[in-house]
1. Taking K and R as +1 and D and E as -1, what net charge do the other residues with C-beta under 15 Å from the C-beta of Lys170 add up to?
2. With a 1.4 Å probe and all protein chains left in place, how much accessible area per residue does the stretch 2-63 have, in Å²?
3. Considering only protein heavy atoms, with the full assembly of protein chains and a 1.4 angstrom probe, order Asp91, Asp183, Asp233, Asp114 by accessible area, largest first.
4. Where does the chain land at 222 nm, in deg cm²/dmol rounded to the nearest 500, when only DSSP H runs of n ≥ 4 count, each adding -39500 (n - 2.57), divided by all residues?
5. Could you tell me which of rounded, prolate or oblate describes the stretch 100-147, using a ≥ b ≥ c as the square roots of the eigenvalues of the alpha-carbon gyration tensor, with rounded for a/c under 1.5 and, failing that, prolate when a/b is larger than b/c and oblate otherwise?
6. What is the Rg over Rh value, at two decimals, for the chain, using alpha-carbon atoms and the Kirkwood definition of Rh?
7. With θ set to phi - 60° and the Karplus curve 6.51 cos²θ - 1.76 cosθ + 1.60, what are the ³J(HN,Hα) couplings of the stretch 51-62 in order, to the nearest whole Hz, using x for Gly and Pro?
8. If you take the beta carbon distance between Glu169 and Asn92 as r and set R0 to 30 Å, what does 1/(1 + (r/R0)^6) give as a FRET efficiency, to the nearest 0.05?
Amino acid sequence: MIQSITRKNEITTIVDEALSTSKSNHELAHRLFSNLLNYKVKFPLLEHASTLIYNQLDSKQLIDFCFEIEKLKTIGGNVIIGKLLEHKLQDNFKESIDTATEIIALADDWYVTDIIGERVYGVALLNYPELMLTEFQPIAKHPVNWVVRSIGPGVHRAVKHGLSYANSEKAFQLLLSLAAAKDYHIKTGIGWAAKTIAKFHPDIIEKYDDEINSESVGQWFRGKVKIGLSRHDYAKKKKG
């Protein structure tokens, strides 16, 4: 049975000890794997670990460390990577986005796209919308499906946490440009975001009704929009 770590002070002790005794990023990553990532730990506690690590590593060490953690292929490791790069957005936006994209491209499962996409692309879109909407253009054309899928959780996170109507509309235009996708994973990610925009901004859906119902748009996209609209209606009825 996998043991759990449930206290913030336990996390602090583990991270501090790993930082003070490790002589390289490789060693640091493996110490954290043995003493932290090999245990059952809730995401907020892993994010706390990331903050402690971020405060101790310089910029180059931080990027190298993210790739060392990526090699270990753990769910919790992706939380640490995502939170580290989320912190880095304020210091070097472009490097944070590029590193996230490179690491997501190395993914071997869908959860990598969701964990990192929400924390990096999503927070970037919410706090730096113009910059991130520009960055999304090449990301949408990336040859690796995991990267394209990550747009979905990123847009979902930003809209759910209060992205403005104007920027939500721009994000929806991006989603529409991907609405003919055939890849299952891309459809899942993009559909998630379309559903969220429909739930929070049904007037955007009404505005783009003709485009949504055009032959070039996949039925899967319309289906997700329909679910989002139904959730908006349900929430509205429940509220009043």
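1. Result for the neighbourhood of Lys170: -4.
2. Value for the stretch 2-63: 61 Å² per residue.
3. These residues rank, largest area first, as Asp91, Asp233, Asp183, Asp114.
4. -21500 deg cm²/dmol
5. Oblate, since a/c reaches 1.5 and b/c is not below a/b.
6. Here the Rg-to-Rh quotient is 1.02.
7. So the J values, rounded to whole Hz, are 5, 4, 5, 4, 6, 10, 9, 7, 4, 5, 4, 4.
8. FRET efficiency, Glu169 to Asn92: 0.55.
The values are calculated or read from the model by the stated rules, or taken from the named source; none is laboratory data. Model, not experiment: these values are computed from the prediction. Because the Cβ atoms are built from the backbone with ideal geometry, glycine has one as well, and the counts that use them run over all protein chains shown. Ligands, DNA and RNA are stripped out before the accessible areas are found, and what is left, the full protein with its side chains, is counted by its heavy atoms. Shrake-Rupley method; radii C 1.70, N 1.55, O 1.52, S 1.80 Å.
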